[in-house]
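The values are calculated or read from the model by the stated rules, or taken from the named source; none is laboratory data. Nothing here was measured: the structure is a model prediction, and the numbers come from that model. Please note: Cβ atoms are built from the backbone with ideal geometry, for glycine as well, and neighbour counts cover all protein chains shown.
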């Protein structure tokens with residue numbers, strides 16, 4: 001919370017919504033105070049552009065002559081790789097070179113000073129802008145636009161000829177569902193935005209576009225519902241992104257953004273939530289979250305995030321709510337198992353044998369007899385082996401990856417037990433831990449949990465149950481101190497909010513969840529829906545002979 | 001940084017609070033499941049430990065004799081003898097999982113106090129193992145392998161916990177034993193374990209819980225038979241389930257009643273310097289079996305059965321109470337508890353000779369039996 005105040009004070013003088021539009025002009029002037037203006041000469045203008053683009057070979061300069069009387073010399077400059085060449089031919093060159101044939105420019109009233117009007121009237125491009133500043137014009141060219149220069153006219157006119165994405169949607173890879181939409185975000189931010197727009201046809205959906213990175217100029221789209229999102233958090237998100245955009249040379253992934261804008265830069269747990277699913281993103285926008293879409297990544301960052309986000313999936317809302325609630329409870333239980341099960345095994349077999357039921361103690365002692373290592377090393381080796389297997393399986397191509405997992409899990413595990421190197425009990429413990437770790441739907445959070453189990457195991461080996469309690473305290477304190485844009489990460493558990501648990505811990509039916517979380521959404525506008533929505537059968541009409 | 005320091009301090013504090021510090025791998029322990037205590041002629045204590053053999057227990061078809069080892073040693077006290085066993089055991093003896101104690105009858109007659117001191121002091125042990133009395137040397141009882149591949153101590157533990165199927169005996173655990181030896185007012189009962197010869201030549205010998213051992217304070221004074229065991233369980237509210245059989249005088253029919261629940265209420269009376277108790281017992285049961293004599297094909301008269309059942313149980317109780325009062329002079333039912341709650345002043349005066357006072361007291365028994373269902377077919381018991 002302290003950090004949030006500090007940051008917002010710093011940029012208090014800025015109106016939050018106004019400054020984004022001026023963003024790139026501002027950032028240009030920050031980099032270099034001197035403007036590079038265009039000249040009257042066509043050739044010089046082209047040279048300016050070429051030198052600004054470091055004489056790269058993919059710059060195309062197409063000279064043309066507009067065949068009016070007298071004819072006008074011109075050229076269009078664009079970057080081959082990012083424009084649609086068909087558009088250049090059909091929307092720019094054809095109308096200019098053929099449509100104006102033999103017409104008197106004087107009769108039409110076009111003079112050099114009015115060349116922008118000529119292009120606006122004759123070209124079917126949706127965006128035509130005039131730039132006096134060469135640097136600004138180059139940015140447009142880098143964004144996929146063409147720059148038209150006309151001899152004797154000291155400005156560049158940009159026309160939109162950018163290539164659209166040919167990928168309409170993708171299957172979400174990390175958030176698969178059995179039941180539910182199979183549409184996922186793609187790398188192109190405008191397609192992603194379209195997916196959100198299609199789901200939320202609201203006039204309150206605010207879209208802010210700007211560029212991040214001094215070199216990369218990556219497109220970032222920030223989307224939120226202005227009536228539902230908490231304005232202070234929106235300001236905070238925009239300020240942090242602005243700060244990053246000015247001072248970082250380049251961003252190449254959403255992960256990069258996360259690192260810069262997170263509240264907890266050094267925490268073991270990654271408290272920033274990103275999703276690959278437009279339905280999930282839209283639902284979260286409706287809860288008052290802010291979507292940060294990075295052009296180039298199919299993962300959309302949602303801010304602020306809370307722990308419950310990592311334990312719910314879109315599919316929960318397609319299943320019967322009893323079962324969905326049960327699933328969620330399994331995931332939370334899974335998190336505890338992942339953190340503590342191997343540690344409990346180590347503690348119980350090396351310190352607290354009296355805690356075991358007698359028969360279990362005998363069985364454990366029996367299976368461990370002949371195992372040469374202490375329980376701690378036994379469990380540590382197996383856990384390490386499992387993590388290595390998982391890493392190997394992910395990096396390899398799918399079918400080889402599967403083979404590696406099977407070979408590793410079955411053959412190595414079995415032979416290790418048969419050779420008496422590890423006990424069957426520890427294999428079961430490691431396997432159980434692994435299975436439960438896969439129940440947590442979002443791997444970026446479960447990574448942190450998986451690391452804690454090594455800490456817990458070590459503490460358990462040194463101190464027994466006391467060590468585990470110490471680990472539990474440490475993890476609890478760490479998690480409770482996490483913040484996401486000032487919102488306590490452990491909400492609705494700490495601070496406890498029973499109202500919010502209806503949707504974040506359990507999964508009650510939709511009609512029972514009437515309010516948005518007060519931690520996340522705008523506190524003036526928390527009511528989601530009316531009271532009477534619980535469905536019931538129609539009133540029976542008695543006595544009509546049935 | 002401040003937070004990190006605080007956290008470090010907290011962690012160190014946790015370290016200091018840990019009171020036991022002993023890392024030992026589970027497989028390096030010799031898990032003692034049963035312990036027997038007897039005395040040699042020279043007055044030394046002999047301790048028998050039944051140590052589990054975990055490697056054999058997890059084997060697919062464990063052999064009856066492979067799953068345990070019997071170790072025996074003598075010493076000046078129980079603890080001394082136990083430490084002497086450690087000299088021959090190759091593993092650290094771990095007594096937290098002890099299931100049963102077998103105490104030799106000779107020690108029980110001398111007094112349990114001499115062996116219980118160790119179990120009051122030792123921290124490792126739980127208070128839940130069952131305590132048995134044996135006429136045979138404890139090592140004979142412990143070394144009774146069974147065809148289930150179960151360690152005999154575990155088997156005995158299962159027998160003790162299953163007393164509720166007949167309610168003919170009652171096995172006290174270590175907590176009750178220690179309590180009874182430390183408090184001279186509390187009397188104590190537990191069960192005698194005997195080794196039966198094998199049923200056939202192929203079979204192994206069996207362990208059976210037979211009689212209720214009656215202790216005056218901490219000394220064994222005698223035994224009650226199965227009927228006495230049932231009466232004890234009725235009065236001390238330990239009766240779980242069990243069969244009562246009686247023969248109807250008029251018809252010669254035999255009835256077997258399964259008692260489903262029973263509740264005893266004890267009202268101590270103190271009037272005119274005389275101590276008395278009203279024992280009010282409510283029993284619910286069902287008719288489990290009727291052995292009809294040849295010529296009486298009549299339906300069961302439930303009310304009559306209830307009256308007869310009440311009478312039968314009443315007789316059992318009266319008989320056992322008379323035995324306790326007149327033969328053993330021991331308040332085996334610990335009625336002193338009820339009396340001390342109602343008349344604390346008077347109890348203080350007489351507590352030192354409570355058993356004598358008990359023997360002189362008037363005890364009246366009133367049983368109210370109800371048959372909740374006949375558990376018989378549509379013929380209502382007619383054959």
Review point. Is there a residue in segment B:5-14 that is under 30 Å from residue B:187 (Cα atoms) and either modelled with pLDDT of 85 or more or within 13 Å of chain A (Cβ to nearest Cβ) (or both)?
Key: no
**Study point:** Options A:100, A:96; residue that is assigned to a loop (DSSP other than H, G, I, E, B) and either touching a helix residue (DSSP H, G or I) at 6+ places or on another chain (Cβ under 7 Å) or modelled with pLDDT under 80 (or both)
**Key:** A:100
Review point. Can residue B:103 be described as more than 14 Å from chain A (Cβ to nearest Cβ) and modelled with pLDDT of 90 or more?
Key: yes
Check your understanding: So which residues in segment A:356-374 are part of a helix (DSSP H, G or I) and at the interface with another protein chain (Cβ under 9 Å from one of its Cβ atoms)?
Key -> A:358, A:359, A:361, A:362, A:363, A:364, A:365, A:366, A:367, A:368
Review point. Quick one: would you say residue A:75 is more than 30 Å from residue A:104 (Cα to Cα), more than 32 Å from the chain's Cα centre (by Cα) and either exposed (fewer than 15 other Cβ atoms within 10 Å of the Cβ) or modelled with pLDDT of 75 or more (or both)?
Key: no
Exercise for review: Report yes if residue A:450 is more than 30 Å from residue A:351 (Cβ to Cβ) and either crowded, with 22+ Cβ neighbours inside 10 Å or away from every other protein chain (no Cβ under 14 Å) (or both), otherwise no.
Suggested key: no
**Study point:** Residue in segment A:461-484 that is modelled with pLDDT of 90 or more, away from every other protein chain (no Cβ under 14 Å) and either farther than 25 Å from residue A:432 by Cβ or in contact with a helix residue (DSSP H, G or I) (Cβ under 7 Å, 6 or more places away or on another chain) (or both) present
**Key:** yes
Point to revise | Scan of segment B:16-54 for residues that are in contact with a strand residue (DSSP E or B) (Cβ under 8 Å, 6 or more places away or on another chain) and at the interface with chain A (Cβ under 8 Å from one of its Cβ atoms), ordered by number | key: B:24, B:29, B:31, B:33, B:52, B:54
Review point. Would a scan of segment A:368-388 turn up a residue that is out of contact with any helix residue (DSSP H, G or I) (no Cβ under 9 Å at 6 or more places or on another chain) and without any contact (Cβ under 8 Å) to a residue 40 or more places away in the chain?
Key: no
Exercise for review: Would you please list the contacts, defined by Cβ atoms under 8 Å and residues six or more apart or on different chains, that run from a residue in segment A:171-183 that is closer than 15 Å to residue A:438 by Cα to a residue that is modelled with pLDDT under 85?
Suggested key: A:174/A:443
Revision key, fill the gap. Among helices (runs of 4 or more DSSP H) completely within segment A:375-455, the ones holding 3 or more residues that are in contact with a strand residue (DSSP E or B) (Cβ under 9 Å, 6 or more places away or on another chain) are none
Practice item. For segment B:235-243, state whether one or more residues are part of a helix (DSSP H, G or I) and in contact with a helix residue (DSSP H, G or I) (Cβ under 9 Å, 6 or more places away or on another chain). Key: yes
Review point. Out of curiosity, is residue B:57 facing another protein chain (nearest Cβ under 10 Å) and within 18 Å of residue A:369 (Cβ to Cβ)?
Key: yes
Check your understanding: Limited to segment A:482-504, what total is found for residues that are surrounded by fewer than 21 Cβ atoms within 10 Å (Cβ to Cβ) and over 23 Å from the mean Cα position of the chain (by Cα)?
Key -> 9
Check your understanding: Does residue B:85 qualify as being within 11 Å of another protein chain (Cβ to nearest Cβ) and on the phi < 0 side of the Ramachandran plot?
Key -> no
Exercise for review: Would you check which residues across segment A:250-267 are outside any loop (DSSP other than H, G, I, E, B) and surrounded by fewer than 16 Cβ atoms within 10 Å (Cβ to Cβ) and list them?
Suggested key: A:259
**Study point:** Selection status of residue B:185, in a loop (DSSP other than H, G, I, E, B), in the same structural domain as residue B:61 (by TED's automatic domain parsing) and surrounded by 15 or more Cβ atoms within 10 Å (Cβ to Cβ)
**Key:** yes
Point to revise | Subset of segment B:118-130 that is within 22 Å of residue B:71 (Cα to Cα) and more than 14 Å from chain A (Cβ to nearest Cβ) - its residue that is farthest from the chain's Cα centre (by Cα) | key: B:118
Practice item. Output yes when any residue across segment B:131-142 is modelled with pLDDT under 95, in the same structural domain as residue B:101 (by TED's automatic domain parsing), farther than 23 Å from residue B:114 by Cβ and over 11 Å from the mean Cα position of the chain (by Cα), and no when none is. Key: no
Check your understanding: Residue check: is residue B:96 part of a loop (DSSP other than H, G, I, E, B), touching a helix residue (DSSP H, G or I) at 6+ places or on another chain (Cβ under 9 Å), within 12 Å of another protein chain (Cβ to nearest Cβ) and surrounded by fewer than 16 Cβ atoms within 10 Å (Cβ to Cβ)?
Key -> no
Check your understanding: In segment B:247-284, what residues are part of a strand (DSSP E or B) and in contact with a helix residue (DSSP H, G or I) (Cβ under 7 Å, 6 or more places away or on another chain)?
Key -> B:255, B:257, B:262, B:264, B:266, B:268, B:270, B:275, B:279, B:281, B:283
Study note, to complete from the structure: The helices (runs of 4 or more DSSP H) lying wholly within segment B:295-373 that contain at least 1 residues that are closer than 17 Å to residue B:279 by Cβ and more than 24 Å from the chain's Cα centre (by Cα) are B:302-322, B:336-342, B:354-360
Study note, to complete from the structure: In the set A:342, A:397, the lone residue that is out of contact with any helix residue (DSSP H, G or I) (no Cβ under 9 Å at 6 or more places or on another chain), closer than 30 Å to residue A:310 by Cα and away from chain B (no Cβ under 14 Å) is A:397
